[in-house]
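Asker: What follows is a single structure, and I will ask about it in a moment.
The values are calculated or read from the model by the stated rules, or taken from the named source; none is laboratory data. Keep in mind the model is a prediction, meaning the values are calculated, not measured. Neighbour counts run over all protein chains shown; Cβ positions are idealised from the backbone, glycine included. What goes into the accessible areas is simple: the full protein's heavy atoms, side chains included, and nothing from ligands, DNA or RNA. Shrake-Rupley method; radii C 1.70, N 1.55, O 1.52, S 1.80 Å.
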Amino acid sequence: AVYTSKIEGMLWDIDNSRALLVDFASEPAAASALQAAGGLEFGATVLTSGLWPAQPPASDVLYPPVVRKLQDMFSASYAARHSGRSLKWASALGQCTLKVSFAGGVRKEVVVSPLQALALLLFNQADRLTAAEVGRATGMTSADLSRTLQSLALHKTIKLLLKEAKGREVNDDDVFDFNAGFTHKLYRIVVAQISPKEQVEEEQGVEQRLFEDRQHEIDAAIVRIMKAKKTLSTTQTATTTTSLDGMLAAGAHSNKAGNLSMYDDPPGK
């Protein structure tokens with residue numbers, strides 16, 4: 001139970017969030033606001049701090065008024081049901097689906113992060129903007145702004161924006177144009193956001209800790225197997241360990257061909 005407690009908590013968060021959304025949508029004021037949003041689909045997942053992987057602090061960005069209104073209403077609804085709790089919106093974890101029209105009547109659905117969506121929506125009112133203008137209109141930090149514009153303009157095959165200046169660095173006076181001539185074979189396109197350096201380091205640390213934990217489990221599995229079998233080839237040991245613990249142990253302990261032997265200590269020794 002100790003090993004699965006966080007996973008169980010994550011699954012509970014997901015199920016509870018579905019129930020919260022149903023309750024929220026059933027409130028008259030929320031139902032009216034959703035209807036007035038003109039086809040906007042709103043969703044929220046409430047994550048319990050400490051159960052999910054740590055994330056770098058999210059910048060307090062400027063959402064469109066209709067989105068901010070729904071966020072505030074959901075937060076108030078949540079606070080009314082859970083006394084003493086508060087919500088902090090994590091833009092880095094969200095996802096938005098935008099329907100975009102390109103030249104020639106081409107229509108696509110693009111799946112982007114909230115920060116990418118904020119930048120793209122600005123091009124409904126302008127064909128070209130500088131990085132500084134995007135930053136002021138969205139309230140992004142310089143680091144978030146740089147990663148967001150890079151992901152939209154410098155992808156190898158998915159360039160929703162066009163950057164006039166050469167190079168990957170984003171400066172305040174760099175000009176970005178909406179790529180009206182964009183084409184892609186898929187109708188629904190996922191545009192990956194560039195992860196912050198801190199998040200990449202955290203993910204690498206999690207992988208290392210998982211490897212270290214599994215290393216001890218593999219050691220214990222091999223001890224149990226060798227006490228029962230006494231002598232096995234390296235291949236047989238790896239196959240039996242995989243079957244027992246669901247892990248591939250080949251090469252984790254020895255990559256030398258031959259036999260592995262282990263014996264119980266005599267009683268009293």
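Asker: I need the fraction of alpha carbon pairs in segment 1-89 separated by more than 24 Å, rounded to a whole percent.
Answerer: 28 percent
Asker: Starting from the Cα of Trp12, step 7 Å toward the Cβ, then list every residue of segment 58-100 with an amide N under 18 Å from that point.
Answerer: Those under the cut-off are 81-86.
Asker: Now a separate question. What number comes out for the charge environment of Asp15, summing +1 per Lys or Arg and -1 per Asp or Glu over other residues with Cβ under 14 Å away?
Answerer: Its environment carries a net charge of -2.
Asker: In addition: What is the mean projected area of the alpha carbon convex hull for segment 63-136, to one decimal in square nanometres?
Answerer: It is 6.5 nm².
Asker: Given charges of +1 on the Cβ of Lys and Arg and -1 on the Cβ of Asp and Glu, with all other atoms neutral, how large is the dipole of segment 1-154 about its Cα centre, in debye to the nearest 20?
Answerer: Once rounded to the nearest 20, the dipole reads 200 debye.
Asker: Additional query: Considering the convex hull of the alpha carbon atoms of segment 90-200, report its projected area averaged over all viewing directions, in nm², one decimal.
Answerer: Result: a mean projected hull area of 6.9 nm².
Asker: So, with a 1.4 angstrom probe, what is the percent of accessible area on segment 1-117 that is carbon and sulfur? Before the final figure, lay out the partial values.
Answerer: Working: 4210 of 7320 Å².
After summing per-atom areas, the C and S share lands at 57 percent.
Asker: Another question about this same structure. To the nearest 20 debye, what is the magnitude of the charge dipole of segment 41-113 about its Cα centre, counting +1 on the Cβ of each Lys and Arg and -1 on the Cβ of each Asp and Glu?
Answerer: Numbers: 8 positive and 4 negative charges, 20 e Å.
Here the size comes out at about 100 debye.
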